[in-house]
1. Go through segment 50-61 and count every residue that is surrounded by 12 or more Cβ atoms within 10 Å (Cβ to Cβ) and either over 15 Å from Ala86 (Cβ atoms) or modelled with pLDDT of 90 or more (or both).
2. Please go through segment 334-350 and give me each residue that is touching a helix residue (DSSP H, G or I) at 6+ places or on another chain (Cβ under 8 Å) and crowded, with 19+ Cβ neighbours inside 10 Å, ordered by number.
3. Out of the residues in segment 170-212 that are at pLDDT 85 or above and acidic (Asp, Glu), state the one that is farthest from the chain's Cα centre (by Cα).
4. Here are some conditions: (1) under 24 Å from Val140 (Cα atoms); (2) surrounded by 16 or more Cβ atoms within 10 Å (Cβ to Cβ); (3) touching a Pro at 6+ places or on another chain (Cβ under 9 Å). Ala241 meets all but one. Which one does it not meet?
5. Please specify each residue of segment 309-356 satisfying the condition of being of a type in the set (Asp, Glu), more than 13 Å from Leu155 (Cα to Cα) and without any contact (Cβ under 8 Å) to a residue 12 or more places away in the chain.
6. Return the total of residues in segment 371-415 being surrounded by 16 or more Cβ atoms within 10 Å (Cβ to Cβ) and over 35 Å from the mean Cα position of the chain (by Cα).
7. Residue check, Glu269 against (1) at pLDDT 90 or above; (2) acidic (Asp, Glu); (3) part of a helix (DSSP H, G or I), all met but one. Which one?
8. Of all the strands (runs of 3 or more DSSP E) wholly in segment 55-128, which have at least 2 residues that are β-branched (Val, Ile, Thr) and either assigned by TED's automatic domain parsing to the domain that holds Met144 or touching a strand residue (DSSP E or B) at 6+ places or on another chain (Cβ under 8 Å) (or both)?
Amino acid sequence: MSKIIEPLRGVHDVLPAQIAAWQHLERITREVFAGYGYEEFRVPVIEQTQLFKRSIGDFTDIVEKEMFSFIDQGGDHITLRPEATAGIVRAVISNGLLREGRLRVWCMGPMFRRERPQAGRYRQFHQIDAEAFGFEGPDVDAEMILLSARLLRRLGLRDVKLLVNSLGTPASRAIYREKLTEYFTAHAGSLDADSQRRLTGNPLRILDSKNPDMQKIIAGAPLLVDSLDLESRQHFESLCAQLRNAGIEYHLEPHLVRGLDYYTRTVFEWTTDALGSQSTVCAGGRYDGLVAQLGGSDTPGVGWAMGQERIVMLLQKQDSALPADKPQVYLVLVGEHAELPGFKLAEQLRDAWPALRVQVNLGEGSFKAQFKRADKSGAEFALVLGGDEVARGVVAVKALRREAAQEDCPLEQISERIGILLGLKGGSGSSHG
């Protein structure tokens, strides 16, 4: 027998038993974005490698260690997208979507990073992504955070904390970079290998180190807030005032820099203690220079990304009651004479009630075996059709989740009867013959 082919390391299958949480998350996501006037956007999962090098930054873990990059048969340098923002910025430039000046969009889908796999961290993972272009003031920063807060709240997630900081403008960050370089140079002997290399490339990346041995040194580093220009300080104070006005609790985190080089001014993270070391569930910030950096007009931007796997893990840890798309009706077909009329009946029910979930017994089976399948399916009702019912022009209706007497219903009335029993709305209510 051939050896079983195992999945690649760091990727995972989402099985039918797990899908309810994913569908719940995606449904709520669509509703929340629609409520804020954001339009859905879809971009390729493969892009030119240079796109991510130019946007994310050469001295980031993503570019240095984690991107899945290759040269294809035509000699093009291609990368599986490690994040969504760069691709969306490329797309809005390529398609001329910024000519009208302002745009609010969102997307969801798979991303790829060659990280060390662990709980909540995969090599193929999924993100929900929100982006807004053409808005200069702190009001859009506030809206972005309020949108993420509402999404987390609608999902019923507890024990999440909002961290905020400002990185200032590139000019004020250059001043801070000099202070940081001076500080870390004085502690060069205590820096790990990554930090020593980043000291000459981008010392801000040292603040993003996850090495526990580095945290004491990082804690003593100068604070970026002390180097902020007046305009950035006012922008940040206005954002914080809007968050307070909206009743959003937040915590200032002066060493929050995010792992991507394109951020300016506002950065934020939603974190939790419920997932161990994978504490961040949503993060983002402002990237005012990125559109111009990638060849577009000088357009401000802001956005965030939310990890779907981590949200699903939180939902499961909280034992959230999630709606599952179980069948509502299961058709038990007894004998060969019931098969053709049974399939016709199932289609008539679906015609009458487009949202009705009907499962037909396949592969035959005894009456007892079919009822076991009906019960296991989670259906509310079993409809029994055998040779006797076909001859009499009826279908037997058996409640599976409540105490009720079995009844025979004329075939021409069964659609209406099922609609009444399940409280359905919006269908035709007729059996079409």
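The values are calculated or read from the model by the stated rules, or taken from the named source; none is laboratory data. All of these numbers come straight from a predicted model, not from anything done at the bench. When we count neighbours, we look across all protein chains shown, and the Cβ atoms used for this are built from the backbone with ideal geometry, even at glycine.
1. Result for segment 50-61: 4.
2. Of everything in segment 334-350, those that are touching a helix residue (DSSP H, G or I) at 6+ places or on another chain (Cβ under 8 Å) and crowded, with 19+ Cβ neighbours inside 10 Å turn out to be Val334, Ala338, Leu345, Gln348, Leu349.
3. Across segment 170-212, the extreme among qualifying residues is Glu182.
4. The single condition Ala241 does not satisfy is (2).
5. Glu336, Glu339, Glu347
6. Final tally of qualifying residues: 18.
7. Of (1) at pLDDT 90 or above; (2) acidic (Asp, Glu); (3) part of a helix (DSSP H, G or I), only one is false for Glu269: (3).
8. Working: elements: 69-71, 77-80, 103-112.
Per the criteria, 77-80.
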